[in-house]
Structure formats: C-alpha cells, structure tokens
Amino acid sequence: MVTRTEEEEVNRLENQVENGGGGVWEYLCLVHKLKLRRSDMVLKHGLSILNDSKKRSALGPEEWTLYEQVAVAAMDCQSIDVAKDCIKVLQRKFPGSKRVGRLEAMLLEARGLWSEAENAYSSLLEENPFDQVVHKRRAAMAKAQGNISAAIDWLNKYLDLFMADHEAWRELAEIYVSLQMYKQAAFCYEELILSQPTVPLYHLAYADVIYTLGGLENLQTAKKYYASTIDLTGGKSTRALFGICLCTSAIGQLTKGRSKEDKESSELQSLSAMALEIDFN
Amino acid sequence: MAEDLVLDTAIRDWVLIPLSVVMVLIGVLRYFVSKLMKGSSQVPDPKIVKEGQVIIRARNLRAGANYIPAKSFRARKAYYSNEENGLLHVPKGQAQNPQAQMFSDPNMAMDMMKKNLSMIIPQTLTFAWVNFFFSGFVAAKIPFPLTQRFRAMLQNGIDLSTVDVSYVSSRSWYFLNLFGLRGLFSLILGEENATDDTQRMMQMSGFGMDPSKTLGAEKDGLDIVQHEWALPKFEQRAEAVLRKLVK
C-alpha cells in the first residue's frame with residue numbers, strides 16, 4: 001500500500017519533473033519502488049535519460065533496470081517500437097536471461113499475439129515454475145482476451161501454490177464480482193481482510209458483496225462492515241454511509257412486526273444520514 | 001623491558017605485505033569460485049514453497065480471526081487443521097527429519113559440501129602455507145601497549161613470554177587478516193560478497209529447521225484461537241465517529 005507521505009512525495013517529484021526541475025531519476029526510482037502505474041510519465045522521462053548517453057552512463061548498473069522499467073511502460077502505452085528497442089539493448093547485454101525473456105513475452109502480449117505469448121510464458125514457466133510474475137501475466141492475458149473463466153482457472157491454480165499473495169486474491173475477488181459470483185467473491189474479500197485487517201477498502205467491498213447476497217443475517221453482517229469502514233475512514237466514506245442507510249432500511253423491511261433489537265441500531269442510521277446531509281450541503 | 005626489538009625491513013617487504021596481499025587475493029578468488037559453483041540456481045521444492053505460503057496464510061488467519069464472521073472463521077479453521085487433509089496437518093511418519101531429508105536429496109548435501117569446500121580448502125591451504133614459510137616471524141608491532149591477555153591473540157606461534165605483547169607474529173597476522181578483511185572485501189566486491197565467514201558459520205548452525213514442525217506449531221496455535229467477532233464493537237465506534245463528525 002502507498003502511504004500518504006509517499007504519495008505526497010511522488011506528486012511533489014512529479015510536479016518538479018514536469019516543470020523541468022530535475023530529480024527525474026529519483027522520481028523514477030520512487031515510482032518503481034511503489035509499483036505505481038504512471039507509464040506515460042515513466043516513458044517520457046525515462047526515455048529522456050536513456051537518450052542522453054552522459055546521463056545514462058552516470059547511472060552505472062542501474063541503467064539496465066531503467067531500460068526494463070521504460071520497456072514495460074512503453075508496452076503499457078502501446079509504444080511498441082520503443083519497447084522493442086529497450087528489449088533489444090537488454091538482450092545484447094544479458095543474452096539468455098529469463099528476465100529479458102519475460103519482457104519479450106510481454107512484448108508479444110502487448111502486440112496482441114496471444115498464442116505466441118502464451119507459448120513464451122509456458123516455456124518460461126517450464127524453466128522456473130515459481131516465477132510469480134509470469135503466472136500473473138498469464139492470468140492477466142486470459143482476462144485481456146475476454147476469457148474470464150480461463151483467468152479464474154489460472155488465478156486459482158496460482159493461489160493454490162502462492163496462497164499468501166493478496167494482490168491475486170484481490171484480482172480474483174474483482175473478477176468474481178464482475179461475474180456476479182458473490183459467494184466466491186465474499187470468500188476472497190474475507191481473505192483480503194485477514195491479510196490486511198486495517199484497509200477500509202476491503203471492508204467496504206466485503207460489505208457490498210454481502211449486502212448484495214441479501215438475507216437478514218448477511219444484511220446485518222454487511223451493516224457491521226459498513227460500520228467498520230466508517231470507523232477506519234473516520235466517516236469519510238460516502239459509500240459506507242449510504243450502505244448503512246440501505247442496510248438499515250432493508251433489515252427493517254425484513255423484520256417488520258418483530259422489532260426488538262433494532263431500536264439501538266437505528267441511531268447509527270440517523271447519524272449516517274446526518275453525515276450524508278452534511279456532505280452534500 | 002626497555003630495549004626495543006628492531007624489525008628488519010625485509011620482514012615488512014617479504015612477510016607482512018605479501019601475507020596481506022595473498023589474503024586479499026585469495027578472498028577475491030574464493031568469491032569468484034563460489035560464484036561459479038553456485039552457477040545454476042536450483043529450483044526450490046514446490047512443497048516447501050507451498051508450506052511457507054500456508055504458514056503465512058494461517059498466521060494471517062490467527063492474527064485477523066476477529067475480523068471475519070464466525071462462520072467464515074470456522075470454515076477456514078477446518079480447512080487448515082482438520083485431521084484428514086487439512087493444509088496444516090502433517091500425517092505421521094511423513095514428517096522427515098532434516099538429516100534424512102538431506103540424504104534423500106543429494107542436491108542439498110552437494111550444496112553443503114560445495115559451501116564447505118570453498119570455505120575450508122583455501123583456509124587450510126593458506127594456513128599451511130603461512131605455517132611453512134612464515135612460522136616464527138615477528139611481523140609487525142602495533143603502536144600501543146597491550147596486556148598479557150592479548151598474547152594468545154597476537155603472538156600465536158611464538159612461545160616466548162619475554163617479548164612485548166605489542167609485537168605481532170606472522171601467524172597471528174594471518175588470523176587478523178582472515179577475520180579483519182571483511183570490510184575491505186565488501187568494498188571491493190560489493191555489499192553481498194560471499195566471503196563472509198562469520199555469517200556463513202551462523203547459517204551452518206541454523207541449518208536443519210524442520211518445516212513440518214512449524215506447520216504443527218501453527219496448527220496448535222490455530223486450535224487455541226478463540227473466535228470473538230470484533231465487528232459488533234465497530235458499530236459503536238462508528239457511531240462515536242459519526243457523532244463527532246455531525247457535531
């Protein structure tokens with residue numbers, strides 16, 4: 001996760017870089033470290049370093065990681081030629097490297113040559129079955145082709161081995177939600193909450209899924225998770241506030257006539273309604 | 001003793017400096033040899049990778065148990081620790097002890113041997129070489145006095161109690177170099193050089209951790225976790241937050 005100070009630092013550097021204030025390399029390092037996706041910026045400024053032979057050689061061995069970073073960014077921006085050039089340079093420097101092989105496979109993927117890319121990834125996995133990036137690329141490729149069930153298969157296979165990888169769980173959860181497989185999605189979000197109990201995003205998403213599943217028990221659970229989201233965000237999450245209101249009214253409809261315990265919980269609803277009003281005023 | 005021993009400059013030129021240079025060169029050579037021998041990176045066993053991941057996930061479950069509903073927690077607990085095919089359940093008899101594992105996996109023994117060879121052989125050879133050529137030299141003098149206790153450290157190989165302790169024998173100079181050149185190596189060869197003997201010795205003693213034992217421990221830990229859902233408390237906390245906000 002990116003903390004607020006890190007984000008501020010990135011934005012500050014980005015501003016500085018955009019206005020020609022230097023610090024390009026620091027910016028690129030930070031983006032790389034935080035795994036941000038600012039491909040256009042990386043492409044533009046990374047290339048400016050790579051095209052300047054003096055600046056480039058000043059980097060020393062870091063030069064090659066920059067080539068890799070720029071190559072990936074270029075693929076993301078569909079600048080296939082730039083990516084190709086970068087990969088060619090890397091290939092010359094590291095012949096037979098798996099890491100470069102990965103880039104080549106990604107280039108095939110970026111050009112939309114699915115079956116070639118698939119073959120490349122498979123052969124990479126044969127050499128090293130524990131290459132997490134390749135596993136993930138494969139799932140991503142299936143998703144990009146619109147083959148959602150294959151993506152789910154890949155992700156499940158991957159998670160069977162690397163079951164502590166919460167990014168993969170998150171991806172799987174989002175896929176399940178998009179397919180309206182809410183029970184499976186709920187499981188994934190539970191897994192995410194377990195691995196990072198203080199991230200409000202997961203609480204909120206879990207509450208959404210549970211609310212959608214419906215049923216009295218689920219609605220009550222959903223309400224609790226909306227409440228925890230409110231607590232974790234300090235009441236800033238509009239979605240959670242709405243969620244509380246919706247949950248309460250749904251529960252009220254289901255328990256019409258036998259109202260014993262909703263007296264106390266109604267206060268939460270009125271409070272969130274008030275908070276919403278303040279937000280919209 | 002007031003009278004000083006005067007060391008021949010030839011000793012400096014032919015003992016002290018060659019010894020240091022040779023030690024450095026051997027260290028560099030050993031670094032490259034061990035790099036060469038490491039060569040092909042071995043593929044880790046999928047079972048071990050999976051066990052590591054299971055442990056992380058089970059640990060997460062233990063730590064965050066109170067954040068998921070009771071039903072989900074029970075389902076997960078059963079998944080991890082049931083007696084038939086739970087992820088954390090290690091069938092009896094299948095738990096290998098590390099020794100047996102080492103013998104069953106020749107790669108592992110091979111690795112150990114390579115490591116040991118690259119450490120021990122050069123050391124023995126240089127020690128023998130120093131002993132043969134330079135035994136008995138007083139090679140250097142440190143510029144400050146020391147107590148008798150340092151005699152064993154600095155005058156290894158000279159059995160004279162009358163020599164002042166600040167004189168360093170050649171064999172001791174060898175030892176000082178052996179352990180003292182780490183900083184220099186990390187300067188020449190980069191931070192993570194392979195010549196770090198002290199660290200390697202530590203690794204050796206830590207070798208032989210049994211993964212099935214950690215699995216069992218994790219299972220026991222999971223068994224005693226009392227699930228107490230934390231979410232009902234959050235409703236009150238959310239109310240408090242909102243109350244503050246509305247005001």
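The values are calculated or read from the model by the stated rules, or taken from the named source; none is laboratory data. Predicted, not measured: the structure shown is a model, and the values here were computed from it. Methodologically, a virtual Cβ is constructed for each residue, glycine included, from the backbone with ideal geometry; neighbour enumeration extends over all protein chains shown. Each accessible area value is taken on the protein alone, full model and side chains, heavy atoms only, with ligands, DNA and RNA left out. Shrake-Rupley method; radii C 1.70, N 1.55, O 1.52, S 1.80 Å.
Quick notes on this one:
- Qualifying positions in region B:132-160 - under 12 Å from B:S170 (Cβ atoms), open to solvent by 50 Å² or more (accessible area, probe 1.4 Å) and touching a residue at least 40 places away in the same chain (Cβ under 8 Å): B:F137
- Residue satisfying condition, being within 14 Å of chain A (Cβ to nearest Cβ) and either open to solvent by less than 70 Å² (accessible area, probe 1.4 Å) or at pLDDT below 80 (or both), within set B:K92, B:K38, B:K47: B:K47
- Conditions (1) over 17 Å from B:R57 (Cα atoms); (2) among the acidic types (D, E); (3) within 11 Å of chain B (Cβ to nearest Cβ): number failed by A:D208: (3)
- Meets criteria (part of a helix (DSSP H, G or I) and at the interface with chain B (Cβ under 8 Å from one of its Cβ atoms)) for A:E190: yes
- Filtering region A:169-182 for residues that are surrounded by 20 or more Cβ atoms within 10 Å (Cβ to Cβ), within 11 Å of chain B (Cβ to nearest Cβ) and within 25 Å of A:Y121 (Cβ to Cβ) leaves a non-empty set.
- Total residues in region A:87-116 satisfying the condition of being in a helix (DSSP H, G or I) and either open to solvent by 50 Å² or more (accessible area, probe 1.4 Å) or touching a residue at least 24 places away in the same chain (Cβ under 8 Å) (or both): the figure is 18.
- Filtered by the rule that a residue be of a type in the set (A, V, I, L, M, F, W, C) and surrounded by fewer than 24 Cβ atoms within 10 Å (Cβ to Cβ), region A:152-168 gives A:I152, A:W154, A:L159, A:L161, A:F162, A:M163, A:A164, A:A168.
- A count restricted to region A:262-281 and to residues that are open to solvent by less than 90 Å² (accessible area, probe 1.4 Å), more than 9 Å from chain B (Cβ to nearest Cβ) and either under 13 Å from B:A238 (Cβ atoms) or at pLDDT below 80 (or both) stands at 4.
- A single entry from B:E228, B:E192, B:E235, B:E239 fulfils the requirement of being at pLDDT 60 or above, loosely packed, with under 12 Cβ neighbours inside 10 Å, over 24 Å from B:G52 (Cβ atoms) and within 14 Å of chain A (Cβ to nearest Cβ): B:E228.
- Count - residues of region A:117-131 that are open to solvent by less than 70 Å² (accessible area, probe 1.4 Å) and in a helix (DSSP H, G or I): 8
- Note on region A:34-61: residues that are open to solvent by less than 90 Å² (accessible area, probe 1.4 Å) and not aliphatic (A, V, I, L, M) amount to 10.
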